[in-house]
Amino acid sequence: MSIEIANESGVETATDPILAVARYALDEMGINPLAELSILLVEVEYMAELNQRWMGGDGPTDVLAFPMDEMTVDRGPGNGTEHDEPALLGDIVLCPEIAANQARTAGHSTDDELHMLTVHGVLHLLGYDHAEPEEEREMFGLQGKLLTGWRASKA
């Protein structure tokens, strides 16, 4: 699995655990090991610009996900595909400063918040959403399960 990460946020952030939680989530979801993902950490102003331009949002947000080949994501062995072409999953954009503010409010570390946001972004790239109550229950339940499993695997 090819996962690229770039920190352009100006905030010192441990990127190895972000890569690890993304890889864990993709593995657990049965995504083709040839899949490619990009993670970008940005400053508040740039996140606000992306949110406004692509989502119609006002101000910065914590995470944005931009799927690429949504329809061609291979989900593990036996999925009926005969090719070994890497799927471009897309881009996850995180804002460490927003994550730090949310972490303080939630009473946990910024790292924990960034790990949760990374899994959240991965799930969006895989087509999960939380616009409707049923979708929200499914997505956040899966998000919690993936985070719990990843934390247990590190222990």
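The values are calculated or read from the model by the stated rules, or taken from the named source; none is laboratory data. Worth saying up front: this structure is predicted, and the values here are computed from it rather than measured. Every residue, glycine as well, gets a Cβ built from its backbone with ideal geometry; the counts of neighbours run over all protein chains shown. Note: areas computed on protein heavy atoms with side chains; ligands, DNA, RNA excluded. Shrake-Rupley method; radii C 1.70, N 1.55, O 1.52, S 1.80 Å.
List of remarks:
- Matching option when the condition is among the acidic types (Asp, Glu), without any contact (Cβ under 8 Å) to a residue 60 or more places away in the chain, part of a helix (DSSP H, G or I) and buried (at least 17 other Cβ atoms within 10 Å of the Cβ), among 113, 136, 97: 113
- Consider the range 62-81 and keep the residues that are more than 30 Å from residue 98 (Cβ to Cβ) and either at pLDDT 95 or above or hydroxyl-bearing (Ser, Thr, Tyr) (or both). The one that is surrounded by the fewest Cβ atoms within 10 Å (Cβ to Cβ) is 81.
- Of the residues making up the range 9-61, those that are in contact (Cβ under 8 Å) with a residue 60 or more places away in the chain and open to solvent by 20 Å² or more (accessible area, probe 1.4 Å) number 8.
- Taken over the range 116-133, the criterion of being acidic (Asp, Glu) and either in a helix (DSSP H, G or I) or touching an Asp or Glu at 6+ places or on another chain (Cβ under 7 Å) (or both) is satisfied by 129 alone.
- Among the residues of the range 116-133, those identified as of a type outside the set (Ser, Thr, Tyr) and open to solvent by less than 30 Å² (accessible area, probe 1.4 Å) are 117, 119, 120, 121, 122, 123, 125, 126.
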